[in-house]
1. If you take the residues in region 240-265 that are under 30 Å from Val294 (Cβ atoms) and assigned to a loop (DSSP other than H, G, I, E, B), which one is modelled with the lowest pLDDT?
2. Somewhere in region 181-190, is a residue assigned to a helix (DSSP H, G or I), β-branched (Val, Ile, Thr) and within 22 Å of Ile230 (Cα to Cα)?
3. Would you be able to say whether some residue in region 221-239 is in contact with a helix residue (DSSP H, G or I) (Cβ under 6 Å, 6 or more places away or on another chain), in contact (Cβ under 8 Å) with a residue 60 or more places away in the chain and either on the phi < 0 side of the Ramachandran plot or not in a loop (DSSP other than H, G, I, E, B) (or both)?
4. Quick check on region 137-172: of everything there that is open to solvent by 10 Å² or more (accessible area, probe 1.4 Å), in a helix (DSSP H, G or I) and not acidic (Asp, Glu), which residue is farthest from Gln219 (Cα to Cα)?
5. What tally of residues in region 246-265 results from selecting those that are over 17 Å from Leu303 (Cα atoms) and open to solvent by 40 Å² or more (accessible area, probe 1.4 Å)?
6. Among the numbered criteria (1) open to solvent by less than 40 Å² (accessible area, probe 1.4 Å); (2) in a helix (DSSP H, G or I); (3) modelled with pLDDT under 90; (4) within 30 Å of His36 (Cβ to Cβ), which one does Glu268 miss?
7. Within region 195-224, track down each residue that is modelled with pLDDT of 90 or more and surrounded by 21 or more Cβ atoms within 10 Å (Cβ to Cβ).
Amino acid sequence: MLSKRKKSNSKRAQLGQKPADSVNFPDFIPSPTPRHPLDVVYEQFSKPQLTLILKKDEPSIYVRHTEGQRVRGNYQVERVFDDKMTGFYAEGRVALSGNAPPVLVIRGYGSWYPLDGVLQDTPEVFIAHLDWQSKAAETEGAVAWITEKYQQGDRPDVIGESLGGKIAQQLAVKYPDCIRSVVTFNPLGIGRKLAQSSPHPLVFHYFTLGERYAFWANQGDFIPGTILQISKRGTRSWKYRLTEWLIQRTPSPLEHFKSRHCFGRIIEILERLVVQLILVYRHNGLIFTHPRPVVRVVELKELLP
């Protein structure tokens, strides 16, 4: 039995892999897809999880935590960064056990609970080159926290969904040496000039299958990295095909109603509301909680509408 284990470990060594009991969280996984090893945890950190949002120990960044608070996933909130003027909100978290790196989690569009960040966030969402919130990260101490961890030899990951993904990219370009990796979920784009200036070497962009909002909002560019399309069941799912058919046939909420009859207009209104709910769910829904999520490495051009 012992000889078999030695042979197995030596075979892994020849392949450049570590034995299962010696793998560290910070190591990146080269196969079967080049995923970030903490993407399952980071998705739960970054997305709203509206059904659980009133539970204070939930890890979602849309739940406002206090410094020193422990959140589910065995992390502690070390620092809270909150700027009322711009709407910027982020938390610096550290793992309470294991060797997972520190992580700066940046909130996305609006605060959901309470609803006090929507107006501040709106310009950042629709204008790609705006950097009010990334500047707030500097003034409120988030960048200082990143720098401090870097100086201690423990570079943090920077993560975020939607608008949070935009800010994470902006910080990665400005402070690439201090950041270990960047992980975004359905991120908004940033200004073209900044995206092409000095990209961070380790970037992972996760887009949900059928995502629309990230591409509709500000038409920005993304810093280069690994692009992954994720879904619970893939394009063969009858639910995806049905909802995609409904989305394709339903006009935009901004378009004029086509029906001349009152009943027909009511049907159109209901269809548009249903479509928006579907798109919001796609944008914010957790994928990696599914038993067998489908993960594909793709080119960005495959995702553009």
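1. Pro253
2. no
3. yes
4. That would be Gln151.
5. Counting residues in region 246-265 that are over 17 Å from Leu303 (Cα atoms) and open to solvent by 40 Å² or more (accessible area, probe 1.4 Å) gives 13.
6. Evaluating Glu268 over (1) open to solvent by less than 40 Å² (accessible area, probe 1.4 Å); (2) in a helix (DSSP H, G or I); (3) modelled with pLDDT under 90; (4) within 30 Å of His36 (Cβ to Cβ) leaves (4) as the failure.
7. Hits for region 195-224 are Val203, Phe204, His205, Tyr206, Phe207, Thr208, Gly220, Phe222, Ile223.
The values are calculated or read from the model by the stated rules, or taken from the named source; none is laboratory data. Computed from a predicted model, the values in this text were never measured in an experiment. A quick note on method: Cβ atoms are made from the backbone with ideal geometry, for glycine too, and the neighbour counts reach across all protein chains shown. What goes into the accessible areas is simple: the full protein's heavy atoms, side chains included, and nothing from ligands, DNA or RNA. Shrake-Rupley method; radii C 1.70, N 1.55, O 1.52, S 1.80 Å.
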